[in-house]
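For reference, the structure discussed in these notes is given below.
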Amino acid sequence: MAISNQQIAQQAVKRLQEWIDSQPQVPVYKGRINKTVICQKLNISKSSIGSNKKLKAMFNDLESNITSYKVQDIKGERERQLQKKVDSLEKQLALAKKEINVLKNRIAINDYLLETGRMIDA
């Protein structure tokens with residue numbers, strides 16, 4: 001006996017709900033959930049998302065949860081860490097430049113003193 005389209009749609013909704021309930025790592029592409037990969041994993045026709053209102057609503061909920069929280073938080077945290085590292089490196093560079101200037105001045109003073117004979121090189 002053949003399965004009706006309605007039963008196929010219900011099975012797709014059930015598989016998606018079970019997958020969401022298992023709290024998987026949701027595949028993301030360019031900041032949005034990757035519906036193609038999810039559909040392939042769950043053996044759901046991607047075209048059925050547009051025709052199955054329950055599937056569409058579930059994907060929209062998943063999209064809003066993922067994009068507004070997890071993806072942006074990860075991206076924001078990574079940017080904050082990188083900015084903190086850049087700031088730290090800029091401070092180190094500024095200190096190194098100051099130290100180089102001090103050393104250059106000392107070398108210039110020592111060279112002048114040696115050239116004028118005011119300092120005896122031991």
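The values are calculated or read from the model by the stated rules, or taken from the named source; none is laboratory data. The model shown is predicted, which means the values in this text are computed figures rather than measured ones. With ideal geometry, Cβ positions are generated from the backbone for all residues, glycine too; neighbour counts draw on all protein chains shown.
Out of the residues in segment 1-36 that are part of a loop (DSSP other than H, G, I, E, B) and small (Gly, Ala, Ser), state the one that is surrounded by the fewest Cβ atoms within 10 Å (Cβ to Cβ). That would be Ala2.
Quick one: which helices (runs of 4 or more DSSP H) lie wholly within segment 40-122 and hold at least 3 residues that are out of contact with any strand residue (DSSP E or B) (no Cβ under 6 Å at 6 or more places or on another chain), over 18 Å from Asp21 (Cα atoms) and modelled with pLDDT of 85 or more? Please lay out each step first, then the result.
Working: elements: 48-51, 53-65, 72-116.
Output list reads 48-51, 72-116.
Looking at segment 1-43 only, could you name the residues that are β-branched (Val, Ile, Thr) and either farther than 20 Å from Ile66 by Cα or under 27 Å from the mean Cα position of the chain (by Cα) (or both)? Before you say what the answer is, go through the steps one by one.
Quick first cut of segment 1-43, residues β-branched (Val, Ile, Thr) only: 3, 8, 13, 20, 26, 28, 33, 36-38.
Within segment 1-43, Ile3, Ile8, Ile20, Val26, Val28, Ile33, Thr36, Val37, Ile38 qualify.
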